[in-house]
Amino acid sequence: MALKIFFYISLFLSLFFYFLPIENLKDNTKKEDRAIFIFENPIMYTLDEDGLSKKIISKQAVKYKTRDELYFADINIYNKEIKKDFIKENLKAEFIEKKGEKYYLANRVKYKRDEYIKFNTNELFFDNSKKIARNTQAFDAMYYDNFYSGTNLYFDMNTNHIKSRRTNFIIEPEKKDKK
């Protein structure tokens with residue numbers, strides 16, 4: 001008799017647990033949000049048929065499926081166009097997110113084109129294919145020896161056209177030696 005009761009209880013429990021829904025044990029992290037590679041202190045070079053076109057130095061680089069993240073990075077983009085009168089552009093920031101040729105830079109961002117154009121801000125959106133830099137926060141800049149500050153920067157690097165809001169200029173006139 002006890003054996004029959006044990007058998008029926010086992011049968012009932014097995015059927016009950018068979019149809020009981022089980023929680024989804026899958027990881028909730030999306031596949032694209034998982035890091036594919038993590039590099040510590042990398043130096044990365046981009047070469048094309050003309051030579052070196054880009055050099056990236058950072059403390060850490062994380063490669064995802066659709067983007068790259070760089071921490072404490074320094075990016076040098078070398079000019080390949082003969083018509084342009086500069087050698088390289090330099091981007092520095094504590095955090096850089098790169099999707100294709102578009103960069104989002106945050107925290108102590110510095111942009112420099114040779115020694116005549118410099119921007120300091122906390123945010124910068126940089127499109128390397130269209131050669132446009134823009135932001136939505138306050139910035140200060142140097143254009144040759146002239147100081148420039150404002151908000152909502154738009155800088156077209158093809159035409160050297162700069163637009164912004166709440167703009168302030170300090171223009172230094174050329175100084176001539178008096179003898």
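The values are calculated or read from the model by the stated rules, or taken from the named source; none is laboratory data. Since this is a predicted model, take the numbers as computed values, not measurements. Using ideal geometry, Cβ is built from the backbone for each residue, glycine included, and neighbour counts are taken over all protein chains shown.
Could you check, for region 80-101, whether at least one of its residues is over 15 Å from the mean Cα position of the chain (by Cα), modelled with pLDDT of 90 or more and assigned to a strand (DSSP E or B)?
no
Report yes if some residue within region 102-117 is at pLDDT below 90, under 26 Å from Tyr71 (Cβ atoms), of a type in the set (Lys, Arg) and in a strand (DSSP E or B); otherwise report no.
So far as region 102-117 goes, yes, one or more of its residues are at pLDDT below 90, under 26 Å from Tyr71 (Cβ atoms), of a type in the set (Lys, Arg) and in a strand (DSSP E or B).
Across region 92-106, what is the total count of residues that are under 15 Å from Ser129 (Cβ atoms) and either in contact with a strand residue (DSSP E or B) (Cβ under 6 Å, 6 or more places away or on another chain) or of a type in the set (Lys, Arg) (or both)?
Residues flagged as under 15 Å from Ser129 (Cβ atoms) and either in contact with a strand residue (DSSP E or B) (Cβ under 6 Å, 6 or more places away or on another chain) or of a type in the set (Lys, Arg) (or both) within region 92-106 amount to 5.
Could we say that Thr66 is touching a helix residue (DSSP H, G or I) at 6+ places or on another chain (Cβ under 7 Å) and in contact (Cβ under 8 Å) with a residue 12 or more places away in the chain here?
So Thr66 fits the description; yes.
All but one of (1) over 30 Å from Ile36 (Cα atoms); (2) at pLDDT below 90; (3) in contact with a strand residue (DSSP E or B) (Cβ under 7 Å, 6 or more places away or on another chain); (4) not hydrophobic (A, V, I, L, M, F, W, C) hold for Tyr144, so report the exception by its number.
The failed condition is (3).
For region 84-137, which positions are among the β-branched types (Val, Ile, Thr) and closer than 21 Å to Ser164 by Cβ?
Val109, Ile117, Thr121, Ile132, Thr136
If you scan region 143-166, which residues turn out to be surrounded by fewer than 16 Cβ atoms within 10 Å (Cβ to Cβ), of a type outside the set (D, E, K, R) and in a strand (DSSP E or B)?
If the condition is that a residue be surrounded by fewer than 16 Cβ atoms within 10 Å (Cβ to Cβ), of a type outside the set (D, E, K, R) and in a strand (DSSP E or B), then Asn146, Phe147, Thr151, Asn152, Tyr154, His161 are the ones that fit.
Only residues in region 91-118 that are surrounded by 14 or more Cβ atoms within 10 Å (Cβ to Cβ) count as the first member; pair them with residues that are outside any strand (DSSP E or B) and among the basic types (Lys, Arg), Cβ under 6 angstrom, at least 6 apart or cross-chain, and list the lot.
Glu97/Arg67
If you go through region 130-139 one residue at a time, do you hit one that is more than 26 Å from Arg67 (Cα to Cα), in contact with a Ser or Thr (Cβ under 7 Å, 6 or more places away or on another chain), among the aliphatic types (A, V, I, L, M) and assigned to a strand (DSSP E or B)?
yes
Which residue out of Thr136, Thr46, Thr66 is surrounded by 11 or more Cβ atoms within 10 Å (Cβ to Cβ), of a type in the set (S, T, N, Q), in contact with a strand residue (DSSP E or B) (Cβ under 9 Å, 6 or more places away or on another chain) and over 18 Å from Asp156 (Cβ atoms)?
From the options Thr136, Thr46, Thr66, the qualifying one is Thr46.
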